[in-house]
Amino acid sequence: MTRKKVTLAYITNDSERKASFKKRKKGLIKKVSELSTLCGVDACAIIYSQYDQEPEVWPSPLGAQAVLARFRKLSEMDQTRKMVNQESFTRQRIKKAEDQLRRVPGEQAQGTREFHVPVPCRDGHPGGFQPPRCGGDGLGR
């Protein structure tokens, strides 16, 4: 039996949203556990929700504190080295697409071929991507 594609949009029905949250939280914790076990990495998850008074912490509050303490010992440069926000991600995607377009030979580079660059938008478009016309500046703002 195949699963239907889920549209990424806010679930307005409270009971459906709570049920979906519970299932997805369980799946997320399972993935973090598998990542830690299979790859031998230190990992933790802290999940706050409107449904629980206390946050869900995996593997345990002490385990999460140990992982976070190790992270905080890193220099600020090492902490942020691989972090990406939406703007820098968009810039990277545009640069990559421009580089690909420059490699297209002769006539194709002069407009005889359409070239679309998917850009993440904050307008709730399914999948989170849409051509640049989604916002006034192409960044979904």
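A short reminder: the numbers here are calculations on the coordinates, not readings from a lab. Small disclaimer: the values here were computed from a predicted structure and weren't measured. Every residue, glycine as well, gets a Cβ built from its backbone with ideal geometry; the counts of neighbours run over all protein chains shown.
Can you list the lysines whose alpha carbon is less than 22 Å from that of residue 25, not counting same-chain residues fewer than 8 positions off? Filter leaves 4, 5.
Backbone geometry of the stretch 13-23 corresponds, through the Karplus equation with coefficients 6.51, -1.76 and 1.60 at θ = phi - 60°, to 3J(HN,Hα) couplings of 6, 4, 5, 5, 5, 5, 5, 5, 4, 4, 5 Hz, x marking Gly and Pro. Of the residues 13, 29, 51, the one whose Cα sits farthest toward the positive end of the charge dipole of the stretch 8-67, with +1 on the Cβ of Lys and Arg and -1 on the Cβ of Asp and Glu, is 13. Relative contact order, whole percent, for the stretch 24-63 stands at 30, derived from Cα pairs under 8 Å and 6 or more residues apart.
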